[in-house]
1. Which listed residue (Leu34, Trp137, Gly150) has the Cα farthest towards the positive end of the charge dipole for the chain, taking +1 on Lys and Arg C-beta and -1 on Asp and Glu C-beta about the Cα centre?
2. Can you put Arg96, Arg127 in order, fewest other beta carbons within 10 Å first?
3. Please give the length that would be gained between Ala175 and Asp58 if that part of the chain were fully extended, namely 0.36 nm times their separation in residues minus their C-alpha to C-alpha distance (nm, one decimal).
4. Could I have the simple spin-label model distance between Ala164 and Arg126, label points 7 Å from Cα toward Cβ, reported in nm to one decimal?
5. Quick check for me: using +1 on Lys/Arg Cβ and -1 on Asp/Glu Cβ, what's the dipole size of the chain about its Cα centre, in debye to the nearest 20?
6. Among Asp24, Asp143, rank each residue by its count of other Cβ atoms within 10 Å, from fewest to most, as a rough exposure measure.
Amino acid sequence: MGRATNQDGYLEGQLLVAMPAMMDSRFAHSVIYLFAHSSAGAMGLVINKALEGITFPDLIHQLGIESGPVDRQIRVHFGGPVETGRGFVLHSADYRHEATLRIGDDMALTTTVDVLKAIASGHGPRRRLLALGYAGWAPGQLDTEIQANGWLNVPADEELIFGADLDRKWTEAMAKLGIDPSHLASQAGRA
């Protein structure tokens, strides 16, 4: 289902969608953008879970970044359980910095404070998602989880990645695959 992969069979630039029976509560109903997937493992950002108790203005203040009025609507997301103090900005490819990693033609990832300064000053990327932490898999681990029906993959698009309604992203990602989540069993049956 939806296995648009790169030439090596990897899912970089794709979305992972947790199956309803996902047992790990950190990833239940998660949608994850994979920014790296190779024989060395995989890394991605959860795009549909906001962090409670931290705002963009809080983050800017903690980092000592000077700014004028800062958009309070910019959310800080739970990017995943690995290195939860490390920041990531997944963004449209219109913003470039020497430390920016391009992912395909339309997306990029920057992990330096420079992108936060640009956002705070109003000169950052057109679309962006800020996250603390990431989801990571050892070599072959993600492939095993996919084969065990833990994840589906779907092509990424800007509206799904950057959309404001976090609660609908999982359902919308399933719908892109033509799946109505209410028709999926939450647990595998036995014959």
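Laboratory data are not the source of any read-out in this text; all were calculated from the coordinates shown. Remember, predicted model here, so these are calculated numbers, not experimental data. Because the Cβ atoms are built from the backbone with ideal geometry, glycine has one as well, and the counts that use them run over all protein chains shown.
1. Gly150
2. Numbers: Arg96 11, Arg127 18.
So the ranking, lowest neighbour count to highest, is Arg96, Arg127.
3. On the way: separation 117, 0.36 × 117 = 42.12 nm, distance 3.51 nm.
Full-extension gain reported as 38.6 nm.
4. About 1.9 nm separates the two model spin labels.
5. On the way: 16 positive and 22 negative charges, 41 e Å.
Rounded to the nearest 20 debye, it is 200 debye.
6. Details: Asp24 11, Asp143 17.
Listed from fewest to most nearby Cβ atoms, that is Asp24, Asp143.
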